1. Can you name the condition, by its number, that residue 8 falls short on among (1) more than 22 Å from residue 96 (Cβ to Cβ); (2) at pLDDT 80 or above?
2. Checking residue 32 against (1) crowded, with 18+ Cβ neighbours inside 10 Å; (2) touching a helix residue (DSSP H, G or I) at 6+ places or on another chain (Cβ under 6 Å); (3) farther than 17 Å from residue 92 by Cβ, only one condition comes out false. Which one?
3. I'd like the full set of residues that are in contact with a strand residue (DSSP E or B) (Cβ under 9 Å, 6 or more places away or on another chain), assigned to a loop (DSSP other than H, G, I, E, B) and over 20 Å from residue 29 (Cα atoms), limited to the range 78-109.
4. If you go through the range 116-131 one residue at a time, do you hit one that is assigned by TED's automatic domain parsing to the domain that holds residue 102, modelled with pLDDT of 80 or more and either under 35 Å from the mean Cα position of the chain (by Cα) or within 30 Å of residue 81 (Cβ to Cβ) (or both)?
């Protein structure tokens, strides 16, 4: 059973309604990912609701109700897919087993099964951390060179001029 309101499709601004998020790739507001709701689609469905727009209801105990796919009666889905028959791919920014992992890359390079295409380190933030450290060290070295040039080279030139102006007189 799929119920959609299509409320997101009518708004072509970045200020999406609640239960919608702005897709830069599609350049429009789109529905929340399966199992999510609220402003910018950041809140998981609350029991007993699940699915797209949290409009479906679980008829099982809360511990057996998945906000994405409902009751655990269906077979376990492969990574990247959810739903009663495992027929729904994860919706950006989610990927992986039960669509529980989040992509931290552009929608165009987020795969619903594996996540961001470039490497796993980028998703965990390690790549950014090394980049920032490298830039910081490089900037520090550059600043030290500039300080040396500004402070010590003028002093060295002035001491050479003083040596050049000094004439020795010899007495014969």
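The values are calculated or read from the model by the stated rules, or taken from the named source; none is laboratory data. Predicted model only: the values in this text are computed from it and were never measured. Virtual Cβ from ideal backbone geometry, glycine too; neighbours counted across all protein chains shown.
1. It is condition (2) that residue 8 fails.
2. The single condition residue 32 does not satisfy is (3).
3. Restricting attention to the range 78-109, the residues satisfying the condition of being in contact with a strand residue (DSSP E or B) (Cβ under 9 Å, 6 or more places away or on another chain) are 79-84, 87-96, 98-107, 109.
Add one more test, that the residue is assigned to a loop (DSSP other than H, G, I, E, B), and what stays is 79-80, 83-84, 87, 90-93, 96, 100, 103-106.
Correct list: 79, 80, 83, 84, 87, 96, 100.
4. Yes; the residues of the range 116-131 include at least one that is assigned by TED's automatic domain parsing to the domain that holds residue 102, modelled with pLDDT of 80 or more and either under 35 Å from the mean Cα position of the chain (by Cα) or within 30 Å of residue 81 (Cβ to Cβ) (or both).
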